[in-house]
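The values are calculated or read from the model by the stated rules, or taken from the named source; none is laboratory data. In this text the structure is predicted, and so the values were computed from the model without any measurement. All Cβ positions, even for glycine, are placed from backbone atoms using ideal geometry, and neighbour counts span all protein chains on display. The accessibility values were calculated without ligands, DNA or RNA, using every heavy atom of the protein model including side chains. Shrake-Rupley method; radii C 1.70, N 1.55, O 1.52, S 1.80 Å.
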Amino acid sequence: MKRAKAGGDDEGPRQNGAAGRRKGEQQKIDVDSTPCDFTADLQEDDNDPGLRREIRSKYRDLINSVQQNREDMLRPSNNKLTEVLEEANKLFKDVRQAREAALDAQLLVVATDLGKEKASQLFSEGTAFDPTAFAEHLLSFMGLNRLEGGDDEQQNGGAVDGYLPQDAWHRVARRAECCLRAAPSFHYMMGSFHAEPPPPKQRTERQRKAPGKEVKRIMPTQLKRMEGSHQEATEKEVERILGYLKSYYQDDPTSPISYYEFVIDPTSFSRTVENIFHTSFLIRDGLARMHLDNDKLPCIAPVEEGEVETGASLSRKQCIVSISPKIWKELIEAFDIRDTMIQPVNTQNE
């Protein structure tokens, strides 16, 4: 069965062997355009084994020449290394296969090692940077006047003295402009502005305090008033809580007063903390005492006036009481506290 071509003509029967391939290539060349002819030529060059062998042979010759002529190439006046690199660049344009690329990389490694060794020899032969000579040339370029101060040369150990003109650094700047890409400088419309350094501040010597003498600190009047008012308010609150404690104790002296029921306010956590704080002053001053009942729970009771003086000489034990909103709620539920024993100040006034 015949297959129709794109142009409308019928294609003849296929032929086997080289004759069929040559005929197919001839037909393809006739149909394709000129760019396709160039692509076909490149493909033929890539697949040409003779050309591939020639490129690899040239790379090997360059590598051998670099290794054999290593001593000659290390000389400063010899440019053979540059010629080898230029020849390698020309060969690299025809590199198509991995083996050729590997030979190019091998040549590059050998040339790099040779260049590094050549540079180190140049450094060891005295071509390194000499800062002293550079400074001398720079001073000469800036216009150092060596005639001034000639009498002082012998005093300074033979060093050459002199002075630089005012535009010395401007000369260096103009010479360096061609080497640096700096932003163009701008000028002020009202002329240049030369900032002068601020005058030095005079140091005031402070009088040193005499050692061994205590210096009395002066407290501001407002702070004294605030401290006094807070202290008076605390003392009044402590006395008020002591009055509540004595009244509850006098109503029933035989039954102990629970510490938690006395200080906890079930309606306010902040007032509970304040009650604990002010009650601690009663314990500190010996106006109240705490003990454990049969259930190992803390109880509080006032101290009689006669017992205060005798109890003051006894050793007291102190502890830190911590409370949180969670513990406050748990204590309210555990002791079934419905009302506070220490009424707030506003409620009491009403």
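Conditions (1) small (Gly, Ala, Ser); (2) modelled with pLDDT of 85 or more; (3) open to solvent by 100 Å² or more (accessible area, probe 1.4 Å); (4) in contact with a strand residue (DSSP E or B) (Cβ under 6 Å, 6 or more places away or on another chain), marked per residue:
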site	(1), (2), (3), (4)
His137	no, yes, yes, no
Met142	no, yes, no, no
Gly157	yes, no, no, no
Pro165	no, yes, no, no
Ala183	yes, no, no, no
Tyr188	no, no, yes, no
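Within the stretch 270-284, the set of residues being among the charged types (D, E, K, R) and either under 9 Å from Ile300 (Cβ atoms) or surrounded by 14 or more Cβ atoms within 10 Å (Cβ to Cβ) (or both) comprises Arg271, Glu274. Residue pairs whose Cβ atoms lie under 9 Å apart, separated by 6 or more positions or on different chains, with the first residue in the stretch 231-253 and under 17 Å from Arg284 (Cα atoms) and the second charged (D, E, K, R), are Glu237/Glu274; Val238/Asp285.
Scanning the stretch 226-269 for residues that are open to solvent by 70 Å² or more (accessible area, probe 1.4 Å) and under 52 Å from the mean Cα position of the chain (by Cα) gives Met226, Glu227, His230, Gln231, Thr267. When the helices (runs of 4 or more DSSP H) confined to the stretch 231-350 are screened for residues that are at pLDDT 85 or above and touching a Pro at 6+ places or on another chain (Cβ under 7 Å), those reaching at least 2 such residues are found at 269-284.
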